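Working notes for the structure below.
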Amino acid sequence: MSGQSRLIGESAGPRVPPKAFIESYRFPWGEVSEASAVEKGPGRPPHWEMVFWWTRKPLISARAIIAGCLLPEDTSPRAFLRGIGIGGRSKAAHNNPPLYRFDGVELLDPFAGFGSIPLETMRLGLKATAVELLPTAYVFLKAVLEYPAKYGRRLVEDVERWGKWVTERLREDPLIRELYDEDVAVYIGSWEIKYPAGKQCR
């Protein structure tokens, strides 16, 4: 990847040299790791609750890796942490908007999965291309990356309306009512297939 980087409000900087900040011994791995751990606990992003994904990557670590690959080796570690949102107003660093913007750079994620890398790519001002073969991940990527940009606030209102509709239908279902209390917060769904008796499953 190559391109120009700048802090928001500053003019575009020089082209990134062959050796990037992420290759430097001064890269603040410890601080990035600590900020990433917050996302695995109470500071996790709200959209992570929509689907449980085994290999989801913390957003702040994705942001740090991308920015670290595009900044020069002599970048100040303190300025870098501030630029990616660590040490900002929110303890969950991914909630702090990044100060870095990168111009003229494109990023391809051929195994996009849950979308942490392309999402943070877009937040840093880069053009992101996300590729994923798993149907569930593909639909989720569209919901996180494509639909918000396309539909804006209307999407939030539609999700709230239809989410309430689905919840009401579930509460009316007699089988569901046998399994869950009235104040249930989360439903667990699964597919069940009954095989004919006496036949082996292959």
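The values are calculated or read from the model by the stated rules, or taken from the named source; none is laboratory data. These figures come from a predicted structure and were not determined experimentally. Here Cβ is always computed from backbone atoms with ideal geometry, including for glycine, and neighbour counts include all displayed protein chains.
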Considering residues of the range 80-114 that are without any contact (Cβ under 8 Å) to a residue 60 or more places away in the chain and small (G, A, S) only, the residue nearest to K142 (Cα to Cα):
A112
A112 hydrophobic (A, V, I, L, M, F, W, C) and within 15 Å of the chain's Cα centre (by Cα)
yes
Selection within the range 101-123 - over 19 Å from V38 (Cβ atoms) and surrounded by fewer than 23 Cβ atoms within 10 Å (Cβ to Cβ):
R101, D103, G104, V105, E106, L107, L108, D109, P110, F111, G113, M122
Among the residues of the range 42-92, count how many are at pLDDT below 90 and among the hydroxyl-bearing types (S, T, Y).
2
When you check A67 against the structure, is it of a type in the set (G, A, S), in contact (Cβ under 8 Å) with a residue 24 or more places away in the chain and in a loop (DSSP other than H, G, I, E, B), yes or no?
no
